[in-house]
Amino acid sequence: MNHFIARYKVKPERAAENVELIRAVYAELDDKKPSGLHYATFQLDDGVSFIHLASIDTEDGQSPLLEVEAFKRFQKDIEDRCEENPRVSSTHEIGSYRLFGD
């Protein structure tokens, strides 16, 4: 299982747009229900900082997110929306308690 975290900050006038693009990703995920993906997105209190957590558990190690059309739309102009571009890091779980369900 691979774990990733992405952090970035959007321009204040683009925050609502970013939220809507993210919601569209979750709507498509709810429809398609890809296996091997655990995914969560958080907006920080400043309203412009976002954190995405992903856990990928597929046979080939590829993220099902890459096949989600709404995710492709989300990624398309992300650098234009951002004040601080996304930084993606692999993570190594030390412990968690029901973060992604039972």
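Within the stretch 60-93, how many residues are of a type in the set (A, V, I, L, M) and in a loop (DSSP other than H, G, I, E, B)?
1
Residue 35 versus (1) surrounded by 11 or more Cβ atoms within 10 Å (Cβ to Cβ); (2) out of contact with any helix residue (DSSP H, G or I) (no Cβ under 7 Å at 6 or more places or on another chain); (3) modelled with pLDDT under 95; (4) not β-branched (Val, Ile, Thr): which is the lone unmet condition?
Condition (1) is where residue 35 drops out.
Of all residues in the stretch 1-30, which are of a type outside the set (A, V, I, L, M, F, W, C) and either farther than 22 Å from residue 99 by Cα or touching a Leu at 6+ places or on another chain (Cβ under 7 Å) (or both)?
Scanning the stretch 1-30 gives 9, 11, 12, 13, 14, 17, 18, 20.
Of the conditions (1) over 10 Å from the mean Cα position of the chain (by Cα); (2) modelled with pLDDT of 95 or more; (3) not β-branched (Val, Ile, Thr), residue 52 clears all except one; give me its number.
(1)
If you go through the stretch 1-59 one residue at a time, how many are within 29 Å of residue 94 (Cα to Cα) and assigned to a loop (DSSP other than H, G, I, E, B)?
Residues in the stretch 1-59 being within 29 Å of residue 94 (Cα to Cα) and assigned to a loop (DSSP other than H, G, I, E, B): 13 in total.
Just to be sure, is residue 90 loosely packed, with under 11 Cβ neighbours inside 10 Å and more than 11 Å from the chain's Cα centre (by Cα)?
yes
Just for the stretch 41-67: of the residues that are touching a strand residue (DSSP E or B) at 6+ places or on another chain (Cβ under 9 Å) and aliphatic (A, V, I, L, M), which one is surrounded by the fewest Cβ atoms within 10 Å (Cβ to Cβ)?
44
The values are calculated or read from the model by the stated rules, or taken from the named source; none is laboratory data. Quick caveat: nothing in here was measured; it's all calculated off a predicted structure. Cβ atoms come from the backbone with ideal geometry, glycine included; neighbour counts cover every protein chain shown.
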